[in-house]
């Protein structure tokens, strides 16, 4: 990063990307004003996308350049509150390379018909996917009649931070070992994927896994969903809810299945024979749209679970 000041007081910040391209639109906040995206003429991209220059007008305030502050404790706090309330049980399924706990949160009814696995933050800088994850889990863990009925018959394995080292250290995609965790569900060379994969196998031994939903972010709204297997597929109803035209903007559904590529959805489908989805929320998708889609998907999942046809 290079910071320069012009004679008129304007500040220019140039970001250089080593092995990557500019992706996230910059935002700014003035004291007492809401956060706003910078105007298009304030951001200039290099032709190859590997550098971006941001122009900031002179202002009589201190300039701070940062991400919105969010700590590991902030990410886990909503689930820790549910643990204290007796709704969830925390299980540290293992430790990262830096010995940070890999936290999972469980709901285990006495006679569960199956297990739903919800996971996010394999890739540290992605924020919109975790937002959808938060809305989705809030609804499923809520106090509605539908949510209580769903939880009476289904176990939940919830993983809000699959890559704790990468998150804390500000990595782009990798864990501390320099590995993209969402290419390691098969080799299982890293402690995070190994611990979470073993936890899923143990869960399946108690109550069969019925759906695996992995929340991410990318440049656009897209759901990667391998072809429906012969087994139960609660994720299919959820997929249709996500794909529904809630506000006039369609969502791309990609049905490609790439066994052996180390991606969680492919590994889970082949290991457990169920519907597994990678839900990618667009980097710039409106927050309200993301909330509505997440809640519609959660409602569809719970409604589908009431049908005996989806059960083993």
Please specify each residue of region 251-271 satisfying the condition of being touching a helix residue (DSSP H, G or I) at 6+ places or on another chain (Cβ under 6 Å) and either within 13 Å of residue 228 (Cα to Cα) or assigned to a strand (DSSP E or B) (or both).
253
Regarding region 287-294, can at least one residue be identified that is closer than 15 Å to residue 225 by Cα and either surrounded by fewer than 20 Cβ atoms within 10 Å (Cβ to Cβ) or modelled with pLDDT of 95 or more (or both)?
no
Which of the residues that make up region 170-187 are out of contact with any strand residue (DSSP E or B) (no Cβ under 7 Å at 6 or more places or on another chain) and outside any helix (DSSP H, G or I)?
170, 171, 172, 175, 176, 177, 178, 179, 184, 185, 186, 187
Just give me the residues in region 241-256 being at pLDDT below 65 and closer than 24 Å to residue 154 by Cβ, in sequence order.
none
Can you work out which of the residues in region 213-240 that are at pLDDT 95 or above and closer than 19 Å to residue 157 by Cα is surrounded by the fewest Cβ atoms within 10 Å (Cβ to Cβ)?
216
Filtered residue count, region 16-43, keeping only those that are over 22 Å from residue 172 (Cα atoms) and in a strand (DSSP E or B)
1
Quick one: which helices (runs of 4 or more DSSP H) lie wholly within region 80-169 and hold at least 2 residues that are surrounded by 21 or more Cβ atoms within 10 Å (Cβ to Cβ) and outside the structural domain of residue 287 (by TED's automatic domain parsing)?
none
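The values are calculated or read from the model by the stated rules, or taken from the named source; none is laboratory data. Here the structure is a predicted model, which is why all the values come from computation and not from measurement. Backbone-built Cβ (ideal geometry, glycine too); neighbour counts: all protein chains shown.
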